[in-house]
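Read through the structure below, which is laid out as structure tokens, and then see the notes.
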Amino acid sequence: MWVLGVLGLVLSCREAGTFLVHVASSCPLAANGSLLAFGFALVFNKNPLVCYDPDARRFVPCDWGLLHGVAGLVASVLNNDTVWVQHAEARRQACCDLATHFWASTARRQTPPQVRIVPVPLSNTPNSVLLTCHVWGFYPPEVTVLWLHNGDTVATGHTAKLLPNGDWTYQTQVALTVTAEVGDTFTCSVQHASLAWPLREHWGPGLSPGLTVKVAVAAVIMTLGLVVFAAGTFSYCRQAPGPGSGSDPSPGPGPNTDPGPGSCPGSGPSPGPGPHPGPSMAMCDHAVTKL
């Protein structure tokens, strides 16, 4: 890197002031991934100063302005130093070896897109909504975005802009202004090389405020009704007679023969103690006819 020191000394003698020098190399590729050219240059303040000619395998001046003389001097120094020529050739060989692998892992890859619809109500027009379909994270950049209304394609009136994300993926968005009605369905359909079938995202208008209140009240009333019904059923089951509380069909004789009020005429005496004890009760064996 002593060459850079020499360059800095020469420029300081010419009162160049503050400067930045760096080495840049490039490998332009064709559409099929083959190497088109090779570039290797010594750059001064973002302007190429000395460039490498791969055919002649030597450095030549790139600047034809005020620094042309300095560029010729630096090129001469670099050509006399075989290390810089070897360094440039090593960069060139790396471009040839890595171009195929780099092209396959980047340019030929396919990354499927992601889709999301963002609705924005328009205050100046009743029931109007601006629907924006955001599509992002896809590669290659060729993509087709369509809007569907109840399954039918509609014109958007907005031109989609393709923007790079900086990570070899792209994003775009397509907007559509609609007058939404209950029951309508708007679909953003995305067609891309990475997808076997179009990727679709659906959106439909929600309930109106008045209808939302009615649905909420009906849900509360239904819930309360179910709670009351469950409580009544539980209370009824708790009060049902248990086993062994029925009448005994074979009452025995007993000392008490006086029927009480509301008892059936001719009914036998209440059963007394016997081998089958049970509650005292009167049995009606015949019907009572009202005169």
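Table for the structure above
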| quantity | calculated |
| --- | --- |
| Long-range amide H partners of Thr111 with built H, under 5 Å | Tyr139 |
| At R0 = 41 Å, FRET efficiency that the Cβ-Cβ distance of Gln191 and Leu20 yields, to 0.05 | 0.35 |
| Rounded FRET efficiency, nearest 0.05, which uses the C-beta distance separating Glu181 from Val228 and R0 of 35 Å | 0.40 |
| Local net charge near Cys51, Cβ-Cβ under 11 Å (Lys/Arg +1, Asp/Glu -1) | -1 |
| Inter-site label distance for Thr153 and Asn127 at 7 Å from Cα along Cβ, in nm | 2.8 |
| FRET efficiency, Trp136 to Asn47 (Cβ-Cβ, R0 51 Å, nearest 0.05) | 0.90 |
| Zone of Gln86's modelled label, taken as backbone nitrogen in region 31-59 under 18 Å from a point 7 Å along Cα→Cβ | 57-59 |
| Positive-end extreme of charge dipole, region 107-196 - chosen from Leu162, Asn124, Gln191 (charges on Cβ) | Leu162 |
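Every read-out reported here was derived from the displayed coordinates using simple, explicitly stated rules and does not represent laboratory data. Every value quoted in this text rests on a predicted model; they were computed, and no experiment measured them. Please note: Cβ atoms are built from the backbone with ideal geometry, for glycine as well, and neighbour counts cover all protein chains shown.
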